[in-house]
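A.B. asks: Shown below is the structure under consideration.
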Amino acid sequence: MSMNDLWRERLMRSRSLPLFERASEHIRSLSPGNRVLFYLFALLVGISSFSGLYALEQSILVQIPAYGGSLAEGELGSPQFINPLLAISDADRDLSSLVYAGLMGLSGSGKLVPVLAESYTISADGKVYTFVLRANAKFANGMPVTADDVAFTVEKAQNAALKSPKYADWSGVWVKAVDQRTVSFTLAKPYAPFLGLTTLGILPSRLWKNISIEEFPFSTLETNPVGAGPFKVASISRDASGLIRSVLLTENPQYVLGRPYLDSIRFNFYSRSEDLASALINGTEESAYDVPKKGVLTAPYARVFGVFWNPNEKQVYARAEVRKALSLALDRQAIIDTVLGGYATAIMGPVPPGDTVKQVPVPQSDNPTATATQILQSAGWTYDGSLRIWKNVSAKQTLDRITIRTSNVPELKNAAGAVKADWEKFGIPVDVELYEPGDLSQNVIRPRKYEALLYGMVIGRDQDIYAFWDSQERNDPGLNIALYANKTVDALLEDARGSADREMRAADIQKIEDIIAADYPAAFLYAPDFTYAVPKDLYGVVLPQIITTSDRFATVASWYRITDAVWPFLVRKN
């Protein structure tokens, strides 16, 4: 080989050396001290580069919900019927709402949205509602949900022998399965709140059709239900007496709106509120509603509480100035702060706070007793301090001892005590009689055996208060416990019920609120807040206005505890 060939070969070999090898040779040529400095510098550059790239990636990536995780929820009571037709307790209704699904459901904003239904139409006269079911609607066992299932469920609700709490809702409604996916409801007359009734959970007729009405409450399907809701019952634990103490729900992959993110929810049931509160504090339970705790989620309850007068029992309550004075003698905000921990809104009328009605303002007074005194004195009443009674000589009437009857539950017991204190400041002795809830309903409210009743009205989502204030509802089984009669209000109640125009309904309800508030048929007190304690790492919980406690699960399929980080272009847009 010539000298030129040898140099050419060496030159090619040097050019073919990998960059890393050449760098290594250069590093080895450095002195030990310089070599240490080089490695430190390279390490710092590497760490900085990695950190910068990581920060850049994290600033670009978005967190999305991921499947997995569980929730432990504590609740008072014990379920008996996991069945939308027989659910009588909060525990029953809560589990039923998770296991079963209706044609319509509730969104986090409180609006009704289709669930099992794909679409619906309402006839021009407001009497016929027609629903088309989703083609992929299935029960948890894989059976399709059909129009026959819907018709079967409603017809069972309408069977008086079943004694379903839903009987009154569906009485007078004719249901027809038009075809496998179409069902229609025909009403005797227009009823604007009807759509809300279609949130009723649907039973699989193929499993229930051979079970007699007498056997319905005792079927194993009551505690091992098959529904089309976002969750299904996986296991049930009972105590020695047979009471259900724990229910494990797992995700239903067949849920028509997509499986929920959470894998499971375990309900643990308690007989005492003190035990539930302790379990929430010590971490045994992660979530619970209406349990005192800081940092809870809140939503307005569609309920109004007040003291309702019965002029038939004590004629003095027929006098407007007496009702007004007793109402304005109450310090509502003080009652809310001391009895409800501030979780309520003071009210003067029958409609709970909401988006559609402007509340009648609560009079602001530094001295409610003086305000009430002035009202009676202006109407010719005088106070006899020795007898502790108010007298109206011209009317030959007296306002003396008041007896408040109410339910023996902590909230109402304490509220009654606060009302008693305010009225005794006004100079009137007050007695409080407590009754167990069932006893109060059967032996006090139904026969109207009270002069003053401290009670709460549960108002529907559409603010339909017909049953509470229409004059035809004054006697049992009507719910007009104030025995209120006003022809103008009667007409407005009818109009509001029959109108499909939301703005017209809202206007009617506003007039009802204003008229009833001005008549003082009750000393309205407050509309309570619903409180719900949840763990900090549970996301997606949105609370609508609460009618029943199960409404807190309106967005349960979207609750999540685990997330994934993905590039923005991989995020699916709704």
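Nothing in this text is a laboratory measurement; each read-out follows from the coordinates by a stated rule. All of these numbers come straight from a predicted model, not from anything done at the bench. Note that we place each Cβ from the backbone using ideal geometry, even for glycine, and neighbour counts take in every protein chain shown.
A.B. asks: Contour minus end-to-end for residue 128 and residue 564, with contour as 0.36 nm per residue of separation and end-to-end as the Cα-Cα distance?
C.D. replies: Result for the pair: 152.4 nm of gain on full extension.
A.B. asks: Also, quick follow-up: Taking H placed 1.01 Å from N in the peptide plane, check which residues at least 5 places from residue 290 or on another chain put their amide H under 5 Å from its amide H.
C.D. replies: HN-HN under 5 Å from residue 290: 531, 532, 533.
A.B. asks: Determine, from the Cβ-Cβ distance of residue 47 and residue 537 and an R0 of 30 Å, the FRET efficiency 1/(1 + (r/R0)^6), rounded to the nearest 0.05.
C.D. replies: It comes to 0.50.
A.B. asks: So, one more: At most 13 other Cβ atoms within 10 Å plus a DSSP loop assignment makes a site exposed; report the longest stretch of the chain without any exposed GluC sites (Glu not before Pro).
C.D. replies: 216-574
A.B. asks: Also: List the trypsin sites (Lys or Arg not before Pro) within segment 204-281 that DSSP assigns to loop and that have no more than 16 neighbouring Cβ atoms inside 10 Å.
C.D. replies: 209, 272
A.B. asks: Which entry in (1) 37.5; (2) 32.9; (3) 44.5 matches mean projected area of the Cα convex hull in nm² derived from the coordinates of this structure?
C.D. replies: (3)
A.B. asks: Calculate one ³J(HN,Hα) per residue across segment 301-309 by plugging θ = phi - 60° into the Karplus curve 6.51 cos²θ - 1.76 cosθ + 1.60, and present them in order as whole Hz with x for glycine and proline.
C.D. replies: Karplus-based 3J(HN,Hα) across segment 301-309 equals 7, 8, 9, 10, 10, x, 9, 9, 8 Hz.
A.B. asks: Separate question: Would you mind pulling out the separation of the Cα centroids of segment 269-286 and segment 215-246, in Å?
C.D. replies: 22
A.B. asks: Same structure again: Using the Karplus curve 6.51 cos²θ - 1.76 cosθ + 1.60 with θ = phi - 60°, what ³J(HN,Hα) values do you get for each residue of segment 104-110, in whole Hz, with x for Gly and Pro?
C.D. replies: 10, x, 10, 8, x, 8, x
A.B. asks: Between 180, 356, 96, whose Cα lies farthest towards the positive end of the dipole of the chain when Lys and Arg beta carbons carry +1 and Asp and Glu beta carbons carry -1, centred on the Cα centre?
C.D. replies: 180
A.B. asks: Further, regarding this structure: Quick one: which residues, 5 or more positions from residue 113 or on another chain, have an amide H under 5 Å from its amide H? H modelled 1.01 Å from N in the peptide plane, none for Pro or chain starts.
C.D. replies: Those lying under 5 Å, H to H, from residue 113 are 105, 106, 107.
A.B. asks: Compute the FRET efficiency between residue 89 and residue 365 as 1/(1 + (r/R0)^6), taking r as their Cβ-Cβ distance and R0 = 35 Å, and round to the nearest 0.05.
C.D. replies: 0.30
A.B. asks: Same structure, new question: Would you mind checking 166/209; 189/511; 189/487; 111/449; 358/425; 425/487 for any pair whose Cα atoms are more than 27 angstrom apart?
C.D. replies: Check vs 27 Å cut-off fails for 111/449; 358/425; 425/487.
A.B. asks: Okay, next question. For residue 176, list the aspartates and glutamates whose Cα falls under 16 Å from its own Cα; do not include residues on the same chain fewer than 8 positions away.
C.D. replies: Filter leaves 148, 149, 155.
A.B. asks: Give me, ordered by chain and number, the residues 5 or more places off residue 389 or on other chains with an amide H under 5 Å from its own placed amide H.
C.D. replies: HN-HN under 5 Å from residue 389: 384.
A.B. asks: Spin-label point model (7 Å from Cα, Cβ direction): what's the residue 425 to residue 207 distance in nm?
C.D. replies: Once both label points are built, they end up 5.6 nm from each other.
A.B. asks: Quick check: pseudo-label points 7 Å beyond the Cα along Cα→Cβ at residue 434 and residue 411, how many nm apart are they?
C.D. replies: The two pseudo-label positions are separated by 1.6 nm.
A.B. asks: Mind putting a number on the dipole of the chain about its Cα centre? Charges go on the C-beta only, +1 for Lys and Arg and -1 for Asp and Glu, and I need it in Debye to the nearest 20.
C.D. replies: My answer is approximately 1180 debye.
A.B. asks: Are there any trypsin sites (Lys or Arg not before Pro) in segment 56-148 that are in a DSSP loop and have at most 12 other Cβ atoms within 10 Å? List them by number.
C.D. replies: Counting only loop positions with at most 12 other Cβ atoms within 10 Å, the trypsin sites (Lys or Arg not before Pro) in segment 56-148 are 111.
A.B. asks: Turning to a different aspect of this structure: Hey, what number do you get for the chain at 222 nm if only DSSP H runs of n ≥ 4 count, each worth -39500 (n - 2.57), divided across all residues, to the nearest 500?
C.D. replies: Result for the chain: -9000 deg cm²/dmol, rounded to the nearest 500.
A.B. asks: Give a residue-ordered list of calculated ³J(HN,Hα) values for segment 429-443 (Karplus: 6.51 cos²θ - 1.76 cosθ + 1.60, θ = phi - 60°; whole Hz; x for Gly, Pro).
C.D. replies: Couplings: x, 10, 10, 10, 10, 9, 10, 5, x, x, 5, 4, 5, 7, 10 Hz.
A.B. asks: When we measure straight from the Cα of residue 314, which aspartates and glutamates land under 18 angstrom away, once same-chain ones fewer than 8 places off are left out?
C.D. replies: Candidates past the 8-residue exclusion: 400, 431, 433, 451, 519.
A.B. asks: Could I ask something else about it? What does the extension gain come out to for residue 274 and residue 394, with contour length at 0.36 nm per residue minus their alpha carbon separation?
C.D. replies: So the chain would gain 37.9 nm between residue 274 and residue 394.
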